[in-house]
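The values are calculated or read from the model by the stated rules, or taken from the named source; none is laboratory data. Since this is a predicted model, take the numbers as computed values, not measurements. Cβ atoms come from the backbone with ideal geometry, glycine included; neighbour counts cover every protein chain shown. Each accessible area value is taken on the protein alone, full model and side chains, heavy atoms only, with ligands, DNA and RNA left out. Shrake-Rupley method; radii C 1.70, N 1.55, O 1.52, S 1.80 Å.
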Amino acid sequence: MRKEECFYLGKIAKKFSFKGEVLAYLDTDEPELYENLESVFVECNKHLVPFFIETSSLHKNDFLRIRFEDVNNEEEAEALLGNAIYLPLNMLPKLTGNKFYFHEVIGFEIEDQRLGVFGKIVAVNDSTAQPLFEVLNGEVEMLIPMIDHFLVKIDRENKKVIMNLPEGLVEMYL
């Protein structure tokens, strides 16, 4: 399985018991959707390795307590600490309306109701307090805030994100 075919679910945060159990932090608003997984991919040395789950249960809202097959003690669990967990993209719940996954809109055109199409979304930067669309217009890279108030429609059929942006935001780049 390649990373491009998967989505980031979270990471193994800490050991839980002397029997090799771990607590995985889940980066999701709905952790209960992932309570009964059969397996996950754990990133080990930049490779995704399948790990089968013996038992799992939710722990304090955002954590999943996991007992992996073939991880039987603290030392084996310690080796997994800090590693990212992935699942295949086909396991993502389908979103409708104006809800979307960041990876889903990469390659979509971005359109302002006033100016029309002004670029293509090449990435989403979520390392800032406010997530940003990274938009390319020819050679010019623009950062457009992903604010619900600006978002008019996600047009999946025509691969467009339609927005109503404040006057001057796009013009300052062009």
Matching residues in region 91-124 - criterion: being out of contact with any Leu (no Cβ under 6 Å at 6 or more places or on another chain), open to solvent by less than 60 Å² (accessible area, probe 1.4 Å) and farther than 30 Å from Glu32 by Cα: Gly107, Phe108, Ile110, Glu111, Gly116, Phe118, Ile121
Given the conditions (1) under 29 Å from Arg2 (Cα atoms); (2) open to solvent by less than 60 Å² (accessible area, probe 1.4 Å), report the number of the one that Met163 does not fulfil. (1)
Cβ-Cβ under 8 Å, sequence separation 6+ or interchain: first residue in region 68-83 and in the same structural domain as Gly10 (by the TED database), partner open to solvent by less than 70 Å² (accessible area, probe 1.4 Å) and of a type in the set (Asp, Glu). Which pairs? Ala77/Glu21; Asn83/Glu43
Is there a residue being farther than 19 Å from Thr96 by Cα, aliphatic (A, V, I, L, M) and outside any strand (DSSP E or B) anywhere in region 152-168? yes
Would you be able to say whether some residue in region 11-28 is touching a residue at least 60 places away in the same chain (Cβ under 8 Å), open to solvent by 30 Å² or more (accessible area, probe 1.4 Å) and under 30 Å from Leu143 (Cβ atoms)? yes
Number of the exception - Phe7 against (1) outside any strand (DSSP E or B); (2) among the aromatic types (Phe, Trp, Tyr); (3) in contact with a His (Cβ under 8 Å, 6 or more places away or on another chain): (1)
